[in-house]
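Here's the structure we're looking at; comments come further down.
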Amino acid sequence: MRRIKAAIIGAGFIGKAHLEAVRRLGYVDIVAIGQNGQDKADAYAEALKIPKAYGNYMDLLNDPEIEVIHNCTPNHLHFEINKQVLLHGKHLLSEKPLTLTREEAKELYELASQTSLVTGINFNYRQFPMVQHLKSMVKDKDLGEINIIRGSYLQDWLLYDTDYNWRMEPEYGGQTRAISDIGSHLFDLIQYVTDLRIVEVFADLAVVIPKRYMNAAQGESFQPSSTHDRQLVDIKTEDYCSVLVKFDNGARGVFTVSQVSAGKKNALEINLDGSQASGSWKQEEPFRLMMGYRDKPGETVLRDPSQLKKEALPFMHYPSGHEEGWTDSLKNMMHNYYQAIVNQVPISGSVATFKEGYEIMVINDAIVRSARSGTWEAVNWE
């Protein structure tokens, strides 16, 4: 297997996670890092043992050695960097959300479709073995017809008014925060597992903490805030949102996202209620799937190769009891993405496409319209 040369633009929390996951593959070399400014780039490159450092991402894109770009920058930079990556003929794995607006997302997915480049979005929760098992159960009608879909994604890292991050600023994070930051994962995962499409939404959102103390020096996401140089500022983006949902098969659902729920660290959960059985999966307990029935006791299905559907087996790498978690989902993500490049084959269906990234932005747009109108709003794909 030939070795692939790749680069990461943006080495914050998620950029470092990309780096670790890629290095675990064994056949991809991260040869360059891009940061805003040469001093920062040099410092990150030295700390992360990366040979090349670029303080300007355009210089990085002109490096002929680099085949693949990981865009791990803040949200507001996704569109322009992603566009330039495609125009420079590099394969691209982008962080979510794909862009800040549906119009930008549509432009990118249409541009990508005109190339032979391998493009994807890091919706890594698709990559868990038990998610794959549940998806196969839905396909095989083990749950019957899906009637009700419930989901939530709850965190507490922004619980206090002293918690602050660039994601709160619309010019950097977009017009939504909890919806686009973690809701996008939830909406993508539900549609992926069920193969259903959200067609209508009725949303309620709230800025639970309307004023926060902004620090002059902001750290990386999920890091404790400092206590110096604070300034009280107004917050415009939501801390919480609940959405009633209609699907294209007639199923109904309700989703809740929050970044101010104490004790919830990364609590992504999906629940599928079918005509024959129900299935529930929690990201913080990724090794088990809870099944419910009307006429017999419930079941706990564990991550065991002897118990799972064959479609889930490629996502498992260790025996049962040797648990695989969030970092392993990232490794699966990188493997399934890079296999398309190495073998010159269509990308795995477990990797979200730019078209699917655009669809998530369309859903987000409908949620914002519904919150403003106080009515049901259609998800308009055109």
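The values are calculated or read from the model by the stated rules, or taken from the named source; none is laboratory data. For clarity, every value in this text was computed on a predicted model and none was experimentally measured. A quick note on method: Cβ atoms are made from the backbone with ideal geometry, for glycine too, and the neighbour counts reach across all protein chains shown. In case anyone asks, the SASA skips ligands and DNA or RNA and just uses the protein heavy atoms, side chains included. Shrake-Rupley method; radii C 1.70, N 1.55, O 1.52, S 1.80 Å.
Which whole-number percent is the relative contact order of the range 268-382 (Cα, under 8 Å, 6+ apart)?
Details: 105 pairs, mean separation 13.1, N = 115.
Once divided by the residue count of the range 268-382, the mean separation gives 11 percent.
Among (1) 1.05; (2) 0.98; (3) 0.91, which is the computed Cα Rg over 2.2 N^0.38 Å?
(2)
Are there GluC sites (Glu not before Pro) in the range 250-314 that DSSP puts in a loop and that have at most 15 other Cβ atoms within 10 Å, and which ones? Kindly include the intermediate steps, with their values, before the conclusion.
Numbers: sites: GLU269, GLU284, GLU299, GLU311; in loops: GLU284.
Within the range 250-314, the qualifying GluC sites (Glu not before Pro) (loop, at most 15 other Cβ atoms within 10 Å) are GLU284.
What is the dipole size for the chain, taken about its Cα centre, with +1 at each Lys and Arg Cβ and -1 at each Asp and Glu Cβ, in debye to the nearest 20?
640 debye
For the range 1-148, what is the largest minus smallest coordinate of the Cα atoms on each principal axis, given in angstrom and ordered from greatest to least?
That works out to 57, 35, 29 Å along the principal axes.
Once amide H atoms are placed 1.01 Å from N in the peptide plane, what residues at a sequence separation of 5 or more from ASN147, or on another chain, have their amide H within under 5 Å of its amide H?
Hits under the 5 Å cutoff: ASP273, GLY274, SER275.
Within the range 76-168, list the trypsin sites (Lys or Arg not before Pro) lying in a DSSP loop whose Cβ has at most 15 other Cβ atoms in a 10 Å radius. Can you show the working numbers first?
Numbers: sites: LYS83, LYS90, ARG102, LYS106, ARG126, LYS135, LYS139, LYS141, ARG150, ARG167; in loops: LYS90, LYS141.
Those satisfying the criteria are LYS141.
Given LEU330, ILE347, SER320, which one lies farthest toward the positive end of the charge dipole of the range 297-382, if we put +1 on the Cβ of every Lys and Arg and -1 on the Cβ of every Asp and Glu?
ILE347
With θ set to phi - 60°, apply the Karplus curve 6.51 cos²θ - 1.76 cosθ + 1.60 along the range 337-347 and write out the HN-Hα couplings as whole Hz, x wherever there is a Gly or Pro.
6, 6, 4, 5, 6, 5, 9, 6, 10, x, 5
Of the options LEU189, GLN231, TYR153, report the single residue whose Cα projects farthest towards the positive end of the charge dipole of the chain (beta-carbon charges: Lys, Arg +1; Asp, Glu -1).
LEU189
What dipole magnitude, in Debye to the nearest 20, does the range 257-335 give about its Cα centre under +1 on Lys/Arg Cβ and -1 on Asp/Glu Cβ? Before the final figure, lay out each step's value.
On the way: 10 positive and 11 negative charges, 11 e Å.
Dipole size: approximately 60 debye.
For LYS40, list the lysines whose Cα falls under 22 Å from its own Cα; do not include residues on the same chain fewer than 8 positions away.
The reachable lysines, counting only those whose Cα sits under 22 Å from LYS40, are LYS5, LYS16, LYS49, LYS52.
Short version: ³J(HN,Hα) in whole Hz for each residue of the range 276-291, in order, from phi by Karplus 6.51 cos²θ - 1.76 cosθ + 1.60 (θ = phi - 60°), x for Gly and Pro, what are they?
Using θ = phi - 60°, the values come out as 10, 7, 10, x, 10, 9, 10, 5, 6, 10, x, 8, 10, 10, 9, 10 Hz.
Around SER94, which amide H atoms from residues at least 5 apart in sequence, or from another chain, sit under 5 Å from its own amide H, with H modelled in the peptide plane?
ASN71, GLY120, ILE121, ASN122
Tally Lys/Arg at +1 and Asp/Glu at -1 over every other residue whose Cβ is under 10 Å from the Cβ of CYS72; what's the total? All intermediate terms of the calculation are to be shown ahead of the outcome.
Details: positive: LYS16; negative: GLU95.
So the surrounding residues net to 0.
Cα to Cα, under 20 Å, and not fewer than 8 places away if on the same chain: which aspartates and glutamates meet these conditions relative to LYS310?
Those aspartates and glutamates meeting the cut-off are ASP140, ASP142, ASP195, GLU299, GLU323, GLU324, ASP328.
222 nm [θ] for the chain, helices only, -39500 (n - 2.57) per DSSP H run of 4+, per residue, to 500? The partial results should precede the final answer.
Values: 10 runs with 115 residues, N = 382.
After summing the helix terms and dividing by residue count, I get -9000 deg cm²/dmol.
Using a cut-off of 15 Å between beta-carbons, work out the net charge of the residues near ILE81 (Lys and Arg +1, Asp and Glu -1, ILE81 not included). Kindly include the intermediate steps, with their values, before the conclusion.
Details: positive: LYS83, LYS90, LYS96; negative: ASP59, ASP63, GLU80, GLU95, GLU104, GLU107.
Local charge sum for ILE81: -3.
Among TRP166, LEU100, LEU117, which residue has its Cα furthest toward the positive end of the charge dipole of the range 96-231, with +1 on Lys/Arg Cβ and -1 on Asp/Glu Cβ?
LEU117
So if I place +1 on the C-beta of Lys and Arg and -1 on the C-beta of Asp and Glu, and nothing else carries charge, what would the dipole magnitude of the range 286-376 be about its Cα centre? I want it in debye, nearest 20.
Working: 10 positive and 10 negative charges, 42 e Å.
That gives the range 286-376 a dipole magnitude of about 200 debye.
Rounded, prolate or oblate: which fits the range 67-120 when a ≥ b ≥ c are the square roots of the eigenvalues of the alpha-carbon gyration tensor, with rounded for a/c under 1.5 and prolate only if a/b beats b/c?
On the way: a/c = 1.92, a/b = 1.22, b/c = 1.58.
It comes out oblate by the Cα gyration axes.
Residue by residue through the range 121-138, what is 3J(HN,Hα) from phi via Karplus (6.51 cos²θ - 1.76 cosθ + 1.60, θ = phi - 60°)? Round to whole Hz and write x for glycine and proline.
10, 7, 8, 6, 5, 5, 8, 7, x, 6, 5, 5, 5, 4, 4, 5, 4, 5
Go ahead and set up a Gaussian network model of the chain, Cα springs under 10 Å, then flag whichever of MET58, MET334, MET316 fluctuates most.
Comparing MET58, MET334, MET316 in the GNM, the peak value goes to MET58.
If you count only protein heavy atoms and use a 1.4 Å probe, how large is the accessible surface of ASP140, to the nearest 10 Å²?
70 Å²
GNM on the chain, C-alpha springs below 10 Å: top fluctuator among ASP304, ASP204, ASP295?
Checking each option, the largest mean-square fluctuation is seen for ASP295.
Only Cα pairs within less than 10 Å get springs; with that Gaussian network setup on the chain, which residue of ILE69, ILE146, ILE179 has the largest fluctuation?
The residue that fluctuates most here is ILE146.
Could you name the aspartates and glutamates whose alpha carbon sits less than 18 Å from that of LYS236, not counting residues in the same chain fewer than 8 places away?
ASP161, ASP163, GLU169, GLU171, ASP181, ASP204, ASP365
Under 9 Å from the Cβ of TYR213, count the other residues' Cβ atoms, weight Lys and Arg +1, Asp and Glu -1, and hand me the total.
Details: positive: LYS211, ARG212, ARG230; negative: ASP161, ASP163.
Neighbourhood net charge equals +1.
Residues of the range 1-99: accessible area per residue at 1.4 Å, in Å²?
Working: 3950 Å² over 99 residues.
Accessible area per residue: 40 Å².
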